[in-house]
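Heads up: the structure comes next, in structure tokens.
What follows is calculated from the coordinates using simple rules that are stated; it is not laboratory data. Just so you know, these numbers come straight off a predicted model, no measurement behind them. Cβ: placed from backbone, ideal geometry, glycine included. Neighbour counts: every protein chain shown.
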Amino acid sequence: MKVIETKALTKIYQGKENVPALVDVNLNVERGEWIAIFGLSGSGKTSLMNILGLLDRPTSGKYLLNGQDTSVLSARKLAHERGRCIGFVFQGFNLLSKETALRNVSLPMIYAGVERGRAEERALKALGRVGIANRADHLPSELSGGQQQRVAIARALINNPVMLLADEPTSGLDSVSKAAVLDVFEELRNKNPKVTIVVVTHDDETAARAERKVEFRYGRIVSEGADDLTGSGPAGVVWSKPTDLKDKATQPTSSDPAGVVWGVSTNQ
Ligand SMILES: Nc1ncnc2c1ncn2[C@@H]1O[C@H](COP(=O)(O)OP(=O)(O)OP(=O)(O)O)[C@@H](O)[C@H]1O
Ligand SMILES: [Mg+2]
């Protein structure tokens, strides 16, 4: 069952100059898949995530979510679907600056109708899972970048989303924090194997957890590789350097997995 299906999706930002951020994007993601999206800066990754997360609409083309054409949904229905089934980790976190870490994490639950005490209890647990329960009362400005990122991740996971969209969720994290974050994603999936994860990343370790990689360039998908690296395992993917366009038909090559943290357990 396809959870995401885009058909000739195009996004053009209109302004003094029209910027075609997405061009004819056809992407299918099955329920329960974990995919990584990569590509150079400006290649359209965040634009795509915003559409997949129902935060923006395409200029043309279709986005079917769980088989439902989203273009016919009202803004209200889109917001409802977003709150009900999508967890979003934004590039740059998007935390509410005047609210504590605990409030940032508990608010989506409160909006979803959970009673405040219970929401805060769950939020505290979620902060514990990403290793920052002791910072629950801090404002974002009182947290390091990595800590803010972990608050954003706790917030994205709090409603047990069936689809997690994460835009550079591990950038700038040290390898222990990174492994902890990826373990949290995996835990979400272990709890519910039907959870679909779409993660934008430039990071080898983060990409190595995905089952499929999709490369964007100039708003188009230029290469797509299932994890067909028989024998080398997901840790063997060369990831950080996108291939040249002439190589676009080739799969990622395998190489030395040195430095890749795979399944590291942390004591969070
Ligand atoms: N709101 C906007 N208005 C106009 N142009 C935009 C807007 N948002 C993005 N763009 C342009 O669209 C293109 C794609 O941007 P996008 O943010 O999707 O790239 P990205 O792949 O996420 O890049 P990065 O890796 O730097 O985050 C870029 O050329 C960008 O300048
Ligand atoms: Mg981006």
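Remarks
- Computed from backbone phi with θ = phi - 60° and the Karplus coefficients 6.51, -1.76 and 1.60, the 3J(HN,Hα) list for the range 9-19 is 6, 9, 10, 10, 7, 8, x, 4, 10, 7, 10 Hz; x is used for glycine and proline.
- Among the listed pairs LYS11/LYS45; LYS125/LYS191; LYS77/LYS191; LYS2/LYS77; LYS11/LYS62, those with a Cα-Cα distance over 18 Å are LYS77/LYS191; LYS2/LYS77.
- Under a 5 Å amide H cut-off, with hydrogens placed 1.01 Å from N, ALA166 pairs with VAL89, VAL198, VAL199, VAL200 among residues at least 5 apart or on other chains.
- Remark on VAL222: its backbone amide H falls under 5 Å from those of GLU215, PHE216, ARG217, a criterion applied only to residues 5 or more positions apart or on other chains, H modelled at 1.01 Å from N.
- Packing around the peptides 43-52, 215-224, 185-194, taken as the average count of other Cβ atoms within 10 Å per residue, puts them in this order, highest first: 43-52, 215-224, 185-194.
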